[in-house]
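Structure first, commentary second.
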Amino acid sequence: MADAVAGQVIADQGASVSNASAIAQSGKVADSNTGQPCTSGRVLQIKLIGNFPHTVTTGHPVPPGSPAPDSTVRAMIITADAKSGRACLIGVQTGENGEVKPLPGAMIRIP
């Protein structure tokens with residue numbers, strides 16, 4: 001199921017991915033940012049590392065005279081329902097958050 005979710009996100013984003021990691025866990029997500037809750041009791045955490053040309057973040061305000069942060073999206077983190085495959089949370093990691101690494105303890109796949 002993690003491959004199917006990752007493949008859909010990659011296609012939707014027009015992404016080129018250099019690394020994908022996934023881990024299955026017990027849990028539910030009621031407060032979704034996608035409009036789809038994860039209710040089966042098992043969730044997949046998926047992290048895709050690569051280039052996401054259709055995903056943009058504006059970053060955050062910085063004090064006058066400070067350099068602008070690197071707000072280039074370097075990774076997408078998806079939480080999906082393990083049964084339905086529907087994403088219930090989607091987040092990003094930008095260049096300002098340090099080196100992008102796979103999920104700790106996850107199964108790693110390099111496409």
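For the chain, what is the accessible area per residue in Å² when the probe is 1.4 Å? Please list the in-between numbers first.
Values: 6500 Å² over 111 residues.
Accessible surface, normalised per residue, equals 59 Å².
Got a sec? Which residues in the stretch 28-60 would a label at Lys83 touch, if it sits 7 Å along Cα→Cβ and we count backbone N under 18 Å? From the stretch 28-60, the list is 28-32, 36-45. Please give the helix 2-13 orientation as an angle from the longest Cα principal axis of the chain, in degrees from 0 to 90, rounded to the nearest 10. In the chain, helix 2-13 runs at an angle near 40 degrees to the longest axis. Highest-first packing order for the peptide set 67-75, 38-46 is 38-46, 67-75, based on the mean count of other beta carbon atoms within 10 Å. Rounded to the nearest 20, the Cβ-based charge dipole of the chain about its Cα centre (Lys and Arg +1, Asp and Glu -1) stands at 340 debye. Distance between the 7 Å Cα→Cβ label points at Arg42 and Glu96: 3.8 nm.
Find, to one decimal place in angstroms, the Kirkwood hydrodynamic radius of the chain, where the mean of 1/r is taken over every pair of different Cα atoms and then inverted.
Values: mean 1/r = 0.0685 Å⁻¹.
Its Kirkwood hydrodynamic radius stands at 14.6 Å.
Of the residues Val17, Val73, Thr94, the one whose Cα sits farthest towards the positive end of the charge dipole of the stretch 1-99 is Val17 (charges of +1 on Lys and Arg Cβ, -1 on Asp and Glu Cβ, taken about the Cα centre).
Net charge within 12 Å of Arg74 by Cβ-Cβ distance, Lys/Arg positive one each and Asp/Glu negative one each, not counting Arg74 itself? All intermediate terms of the calculation are to be shown ahead of the outcome.
Values: positive: Lys47, Lys101; negative: Asp70, Glu96, Glu99.
Surrounding charge for Arg74 is -1.
The peptide list 8-18, 83-93, put in order of mean Cβ contacts within 10 Å with the highest first, becomes 83-93, 8-18. Mean separation of Cα pairs under 8 Å and 6 or more residues apart, divided by the residue count, gives the chain a relative contact order of 33 percent.
Roughly to the nearest percent, how much of the accessible area of the chain is carbon and sulfur, given a 1.4 Å probe? Present the calculation step by step, with values, prior to reporting the outcome.
Details: 3450 of 6500 Å².
After summing per-atom areas, the C and S share lands at 53 percent.
Over all Cα atoms in the stretch 8-48, the spread is summed up by Rg and Dmax: 12.1, 31 Å.
The values are calculated or read from the model by the stated rules, or taken from the named source; none is laboratory data. These figures come from a predicted structure and were not determined experimentally. Neighbour counts are summed over all protein chains in view; Cβ atoms, including those assigned to glycine, are modelled from backbone coordinates with ideal geometry. All accessible areas refer to the heavy atoms of the entire protein, side chains included, with ligands and DNA or RNA removed. Shrake-Rupley method; radii C 1.70, N 1.55, O 1.52, S 1.80 Å.
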